[in-house]
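Structure record follows, encoded as structure tokens.
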Amino acid sequence: MNDAARIGILGDYDAKSPTLPKVAESLRHAADQLGLPLESEWIPTPSLVVANSDQLLESFDGLWAAPGSPFKSMEGMLKGIEFARRRDWPFLGTCAGFQYSLIEFARNVAGIADADTAENNSGSKNIVIYPVACAVPTRKGEAPKLSGVVPEIRLRPGSYLQSFYGKDVVSEAFYCNYELNPEFEWCAMEAGFPVVARGEGGEARAIESPTHKFFIATLYQPQLTSKPGAPHPLVMAFVQAANDWSRKKLDDSILA
């Protein structure tokens, strides 16, 4: 019997992306450090709009909503995030995974049917995700406005996120042009996912659920700073949560 936990990566893989290959690499770093067997597989967003997509998602022990927007299927990405939220599946979202989590909350919890990101140019009156307000002056060349390692990310004391780092202020790597419109921060609160990390200007940089097994989404990309022998603490916590869920499902199936 294969005892490896399985991570499904929601997104449209592109080997030439400066960030996407880092997702699976960071998972391997974490699994190696923890001494846990782990498998990961990309789940293309169009595959999540078919009738049996829940069965596909159930075959994984954790779901990572990856960067890479605009996606081939926005609805597919939103459906994968909704599955994790409703079914309480271990979930990590980074960059666009953070952005689309907030859109999912706005649409399916707050009832804002046309909630969208400015990136889609949809003409929606409810733009939950809008262009980065303050660009990083030291970003390289044509890099996104919010890119590179940014210091002074403040974590909420007592949050799960803060416990993974063991400190209140961290530096993290970003690679994005869009962030949460603060006018819609209430959507995250209403859905039960308070902001637990903020930038120097109070900008929302991470959300988490205090009631789910593991549901955290960050605008920054922890995979970018993960290295062999020095995995990112958030990715390690996610891998451990997926492994724990895998073991529980196996135990429940034996007892059933």
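The values are calculated or read from the model by the stated rules, or taken from the named source; none is laboratory data. Since the model is a prediction, treat every value here as computed from it, not as a measurement. When we count neighbours, we look across all protein chains shown, and the Cβ atoms used for this are built from the backbone with ideal geometry, even at glycine. Please note that ligands, DNA and RNA were not included when accessible areas were found on the heavy atoms of the full protein model with its side chains. Shrake-Rupley method; radii C 1.70, N 1.55, O 1.52, S 1.80 Å.
Among the residues making up segment 186-198, those that are part of a strand (DSSP E or B) and either hydroxyl-bearing (Ser, Thr, Tyr) or farther than 16 Å from residue 171 by Cβ (or both) are 195, 196. Residues of segment 185-207 that are open to solvent by less than 50 Å² (accessible area, probe 1.4 Å) and either touching a helix residue (DSSP H, G or I) at 6+ places or on another chain (Cβ under 6 Å) or among the hydrophobic types (A, V, I, L, M, F, W, C) (or both): 187, 188, 191, 193, 195, 196, 197, 204, 206, 207. Do you know which of the residues in segment 208-240 that are under 16 Å from residue 162 (Cα atoms) and aliphatic (A, V, I, L, M) is most open to solvent (accessible area, probe 1.4 Å)? Selected residue: 236.
Residue-wise test of (1) at pLDDT 95 or above; (2) farther than 21 Å from residue 39 by Cβ.
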{"site": "143", "(1), (2)": "no, yes"}
{"site": "150", "(1), (2)": "no, yes"}
{"site": "155", "(1), (2)": "yes, yes"}
{"site": "166", "(1), (2)": "yes, yes"}
{"site": "181", "(1), (2)": "yes, yes"}
{"site": "195", "(1), (2)": "yes, yes"}
{"site": "226", "(1), (2)": "yes, no"}
{"site": "248", "(1), (2)": "no, no"}
{"site": "253", "(1), (2)": "no, no"}
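For the criterion of being of a type in the set (A, V, I, L, M, F, W, C) and closer than 16 Å to residue 219 by Cβ, residue 65 passes.
The set of residues in segment 124-172 being more than 30 Å from residue 240 (Cβ to Cβ), among the hydroxyl-bearing types (Ser, Thr, Tyr) and in contact (Cβ under 8 Å) with a residue 24 or more places away in the chain consists of 130 alone. Quick test for you: out of 18, 67, pick the one residue that is touching a residue at least 40 places away in the same chain (Cβ under 8 Å), under 19 Å from the mean Cα position of the chain (by Cα) and surrounded by fewer than 16 Cβ atoms within 10 Å (Cβ to Cβ). Selected residue: 18, the only one of 18, 67 that is touching a residue at least 40 places away in the same chain (Cβ under 8 Å), under 19 Å from the mean Cα position of the chain (by Cα) and surrounded by fewer than 16 Cβ atoms within 10 Å (Cβ to Cβ). Looking only at residues of segment 106-123 that are at pLDDT 95 or above and polar (S, T, N, Q), we find that the one that is most open to solvent (accessible area, probe 1.4 Å) is 108. Scanning segment 199-218 for residues that are without any contact (Cβ under 8 Å) to a residue 24 or more places away in the chain and outside any loop (DSSP other than H, G, I, E, B) turns up nothing.
Filtered by the rule that a residue be small (Gly, Ala, Ser), in a helix (DSSP H, G or I) and out of contact with any Cys (no Cβ under 8 Å at 6 or more places or on another chain), segment 83-127 gives 84, 97, 101, 118.
So that you can scan it fast, the table gives a plain yes or no per residue for (1) crowded, with 16+ Cβ neighbours inside 10 Å; (2) assigned to a helix (DSSP H, G or I); (3) touching a Gly at 6+ places or on another chain (Cβ under 9 Å); (4) of a type in the set (Lys, Arg):
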{"residue": "129", "(1), (2), (3), (4)": "yes, no, no, no"}
{"residue": "133", "(1), (2), (3), (4)": "no, no, yes, no"}
{"residue": "158", "(1), (2), (3), (4)": "no, no, no, no"}
{"residue": "183", "(1), (2), (3), (4)": "no, yes, no, no"}
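Residue 141 falls short on exactly one of the conditions (1) of a type outside the set (S, T, N, Q); (2) open to solvent by 40 Å² or more (accessible area, probe 1.4 Å); (3) under 19 Å from residue 221 (Cα atoms), and that condition is (3). Scanning segment 139-156 for residues that are in a loop (DSSP other than H, G, I, E, B) and in contact with a strand residue (DSSP E or B) (Cβ under 6 Å, 6 or more places away or on another chain) yields 139, 144, 156.
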